[in-house]
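Heads up, the thing below is written out as structure tokens.
The values are calculated or read from the model by the stated rules, or taken from the named source; none is laboratory data. Being a predicted model, the structure only gives us computed values, none of them experimental. Cβ coordinates were reconstructed from backbone atoms using ideal geometry, including for glycine residues, and neighbour counts include every protein chain displayed.
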Amino acid sequence: MIIEGKHAEVGQGIFISDIQEGSSAEKAGLEIGEMILAVNKDTLVGANYDTAAGLLKRTEGLVTLVVSNPGKKVAAVNGTDTGNAIGKAALKASVPASRPTTPVPEPPPDPLTCPITPGLDVTIEIATDNKGLGVLFVGGKDTLIANGIVLLEVFPGGMADKDGRLKLGDQILDVMGTSLKDATHTAALQALRQTLPKMKMIIYRPEKVEYSTIEVEYVKKPGKGLGLSVIAKKSGGGVYIADMINGGVAEIDGRVMRGDLIVSVNGQNVENSSGEEVGAILKTVVGKVSLKLHRLKPTAR
């Protein structure tokens with residue numbers, strides 16, 4: 001089966017979404033997620049689903065596919081390596097067309113149920129039943145994560161959690177037709193707080209969640225705080241900065257932000273500590289306070 005999608009370097013095109021066990025495609029070494037650059041001598045770069053489906057349906061005999069895997073280095077299929085194709089290494093696989101029982105490509109997957117494939121821009125819909133999504137995100141062009149909107153947490157029991165597809169590190173590119181690629185934090189908040197029967201979004205999931213490491217040092221005077229409040233993630237897995245007091249030490253310094261995950265305080269690892277434990281450490285420490293933090297890093301282009 002095939003699906004219409006977008007490659008970060010090549011652009012719009014057609015991708016393999018499913019391979020039948022024991023099929024010619026499986027035997028040729030094709031993989032789910034690979035982009036089909038060409039069928040025989042016909043390019044599919046920039047093609048839509050209908051064009052690709054029609055072309056594949058008309059193929060007869062030996063079919064030559066040129067494909068590109070966006071997620072890993074290329075290895076030869078059936079001993080044939082085309083080298084550098086369409087600005088990137090590609091595979092060339094010869095797959096015998098089944099006649100007269102060539103399968104007709106199925107329609108695009110239902111956005112209400114389709115999986116989120118890493119490395120692709122995927123359109124999904126979540127049935128929200130006029131309730132909030134139940135997610136926490138960081139980013140916006142007016143924040144220290146200026147180049148994207150990234151999910152920090154999916155709250156247990158919320159509509160996104162019940163749907164089961166969104167997770168930490170997913171980047172939200174579009175909500176209900178409104179692009180968030182250049183949105184402020186407030187604009188993204190307004191878009192994601194809509195209460196509708198269904199929420200349609202374009203999601204980019206990186207192959208691996210990436211973080212920037214931030215290290216800061218403050219001087220905390222007796223009886224004074226850093227102006228930070230922290231909270232443990234409801235889904236587990238760390239403590240993050242929930243808020244900063246206006247005019248406080250951290251807010252004036254400007255190097256940390258809401259959503260930064262606290263890794264250590266004065267060299268003491270707190271990744272598995274509770275919010276109360278980290279809060280107590282920050283409250284009682286005096287003098288130099290060194291914080292090591294992780295900040296989600298957008299990777300969608």
### Query
Which residue pairs have Cβ atoms under 7 Å apart, sit 6 or more places apart or on different chains, and have a first residue in the range 201-217 that is farther than 30 Å from residue 228 by Cα and in contact (Cβ under 8 Å) with a residue 12 or more places away in the chain and a second that is charged (D, E, K, R) and in a strand (DSSP E or B)?
201/174; 202/121; 202/174; 204/121
### Summary
Subset of the range 231-289, residues surrounded by 14 or more Cβ atoms within 10 Å (Cβ to Cβ), small (Gly, Ala, Ser) and over 22 Å from the mean Cα position of the chain (by Cα), comes to 232, 242, 248, 250, 264, 273, 275, 279
### Message
Among the residues of the range 15-41, what is the count of those that are part of a loop (DSSP other than H, G, I, E, B) and not basic (Lys, Arg)?
### Response
15
#### Entry: Flag for residue 168 being over 14 Å from residue 194 (Cβ atoms) and buried (at least 21 other Cβ atoms within 10 Å of the Cβ)
no
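Out of everything in the range 269-294 that is among the polar types (S, T, N, Q) and at pLDDT below 95, what residue ends up being farthest from residue 237 (Cα to Cα)?
If we filter the range 269-294 for residues that are among the polar types (S, T, N, Q), which is where we start, we get 269, 272-274, 284, 290.
Next, only the ones that are at pLDDT below 95 stay: 272-274, 284.
Numbers: 272: 7, 273: 9, 274: 9, 284: 24 Å.
Among them, the one singled out is 284.
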### Selection count, the range 192-225, where residues are part of a strand (DSSP E or B) and within 15 Å of the chain's Cα centre (by Cα)
5
